Amino acid sequence: MTIVPEPEERTGFASATAFYERAGGLLIPLAATALAFFVGGLVVLATGANPFAAYKAVFNGTGIVWFFKPPWDPHSPEFADLQQTLLITTPLIFTALAVAFAFRCGMFNIGGQGQYWVGLMTALYFGLHFGGLPRPLHILLCIVASMIGGAIWGGIAGILKATVGAHEVISTIMLNWIAIWTGRWLVELGGPLQGSEPAVPRSNDIADSAKLWPIGTGLQPLHAGIFIALFALVVYHVILNRTTLGYEVRAVGFNPEAARYGGISVRKNYFLALAISGAFAGVAGSMDLLGWKFHVAENDFPIGAVGFTGIAVALLGRNKAVGILFAALLFGALQVGTSPRQLDPNVFNPELATNLSTIIQALIILFVGAELLIVYIWRARNRVGFSGPRRVEPEPKT
């Protein structure tokens, strides 16, 4: 007799899984986001505030309402808030791409924060020098330098993974701290990049020719980096889906042994995937520096978390270009909308608002991660002999 597993389509869970895959992974991120906001609303309610009023105030503080108030006035308070949202969204797109590209190769890049700082410090060096260059050339030089710096930093973890099998999570975490403490040393008192003020541990401002073109108005206007970020999303999609490199990266991510059997160099793709990921994160650092920071202080390093937030953006965006765009916009809007300067204390305590943003982000990661765990367990059931109901067929007569 031959034991034949029952077709998966006969089970409700398998049908739901098939529907989810056909939907392109849209339902779970939306459900996770809605559930996170629901739980966050319960937290707001527990503080004695009205969750609907609090969320309305948060939404108004993001500036997104500007799109719904024609004619669009670039000098309105709503547009000023929108600029802040997009300023934060820009580096989040790059750091999320740094996580997503490595993930498509089967690796988890935790080093986005370190790669971000390496890219920023590299752009700082070139931004402080070569001030006589034309503005487009100087900006391009800084961006390319930050890309190379981030690629080298990510490539170190890739080489370790490819040669000695060092796990990329461990190596990238260690590289994060090396980048952070090296950056602090560069701008601390007496450091090589400390500015002209002897008692202030910060660098000088970069040359005017290295600053990105502003788009909006105000003290901290939006800059042209948002368009570079949108272009990076297109580049990411094209590389993964329209090039041989992307095919090999995805093949290694699906099954390294099968890829190796098919003639694909797994080691080479491990290195390239982490190097390209580092390049994305490095450009994120240059966008912040050239777009609005213009200098780096020693106390900037402990509070930076854009690389770690990029992990959540990539998870929520399902490692897809369009998903990353909207997830980055959501996280950027949350950060701006819950800032103390945006919220009316009569609506919700501004001191708790930042914690609310963190809670919502953490819940989104938890719910998305739980879905990934369920799918992993479901796919692994065949390996341990739990493949569902089976039917018995008689052996054919000979």
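The values are calculated or read from the model by the stated rules, or taken from the named source; none is laboratory data. Values in this document were obtained by computation on a predicted structure and should not be read as measured data. Backbone-built Cβ (ideal geometry, glycine too); neighbour counts: all protein chains shown. Keep in mind that these areas ignore ligands, DNA and RNA; they rest on the heavy atoms of the full protein, side chains included. Shrake-Rupley method; radii C 1.70, N 1.55, O 1.52, S 1.80 Å.
Straight-distance candidates among the lysines for linking to Lys268, with alpha-carbon spacing under 20 Å and chain neighbours fewer than 8 residues away dropped: Lys161. At a 1.4 Å probe radius, carbon and sulfur cover how many percent of the accessible area of the chain? Within the chain, the accessible surface is 69 percent carbon and sulfur.
Once you have a ≥ b ≥ c as the square roots of the Cα gyration tensor eigenvalues for the range 138-284, tell me rounded if a/c is under 1.5, and otherwise prolate or oblate according to whether a/b is larger than b/c. Cα axes put the range 138-284 in the oblate bin.
The mean sequence separation of alpha-carbon pairs under 8 Å and at least six residues apart, normalised by the residue count of the range 133-227, gives a relative contact order of 23 percent. Label-to-label distance for Val234 and Val200 is 4.0 nm, based on points extended 7 Å past Cα in the beta-carbon direction. Scanning the chain for chymotrypsin sites (Phe, Trp or Tyr not before Pro) that sit in a DSSP loop and have at most 14 other Cβ atoms within 10 Å, the longest stretch containing none of them is 109-385. Compared with the dominant principal axis of the Cα atoms in the chain, helix 112-128 is inclined by about 30°.
Taking Cα atoms, how many degrees apart are the long axis of helix 321-337 and the longest axis of the chain, rounded to 10 and kept between 0 and 90? So the inclination is approximately 50 degrees. The loop-placed trypsin sites (Lys or Arg not before Pro) in the range 256-360, going by DSSP, that have at most 14 neighbouring Cβ atoms within 10 Å of their Cβ come out as Arg341.
Net charge in the neighbourhood of Thr217 (other residues with Cβ under 15 Å of its Cβ; Lys, Arg +1, Asp, Glu -1) is -3.
Only Cα pairs under 8 Å and 6+ residues apart enter the sum, and on that basis the relative contact order of the chain stands at 30 percent.
Hydrodynamic radius of the range 71-205 by the Kirkwood approach over all distinct alpha-carbon pairs: 17.0 Å.
Packing, taken as the mean count of other beta carbons within 10 Å per residue, orders the peptides 333-340, 299-306 from highest to lowest as 333-340, 299-306. The relative contact order of the range 276-353, computed from alpha carbon pairs under 8 Å that lie at least 6 residues apart in sequence, is 13 percent. Would the chain count as rounded, prolate or oblate if I go by the C-alpha gyration tensor, calling it rounded below 1.5 in a/c and otherwise prolate when a/b exceeds b/c, oblate otherwise? Judged from the Cα gyration tensor, the chain comes out oblate (a/c at least 1.5, b/c at or above a/b). From its DSSP helices (H runs of at least four residues, each -39,500 (n - 2.57)), the chain gives a residue-normalised ellipticity at 222 nm of -22000 deg cm²/dmol.
Counting charges near Val187 (Lys, Arg +1; Asp, Glu -1) among other residues having Cβ under 10 Å from its Cβ returns a value of -1. A 1.4 Å probe run over the protein chains yields, for the chain, 50 Å² of accessible area per residue, whole-number rounding.
Candidates Gly263, Phe331, Ile159 compared by Cα position along the dipole of the chain: farthest toward the positive end lies Gly263, with charges placed on Cβ. Placing unit charges on the Cβ atoms of the charged side chains and taking the dipole of the chain about its Cα centre, the candidate lying farthest along the positive direction among Gly61, Val306, Pro77 is Val306.
If one takes the longest principal axis of the Cα atoms in the chain, at what angle in degrees, from 0 to 90 and to the nearest 10, does the Cα axis of helix 77-104 lie? That works out to roughly 40 degrees. Computed from point charges on the beta carbon alone (+1 for Lys and Arg, -1 for Asp and Glu), the dipole magnitude for the range 178-273 about its Cα centre is near 440 Debye.
Only the Cβ atoms of Lys and Arg (+1) and of Asp and Glu (-1) were treated as charged; on that basis the dipole of the chain about its Cα centre amounts to roughly 1100 debye.
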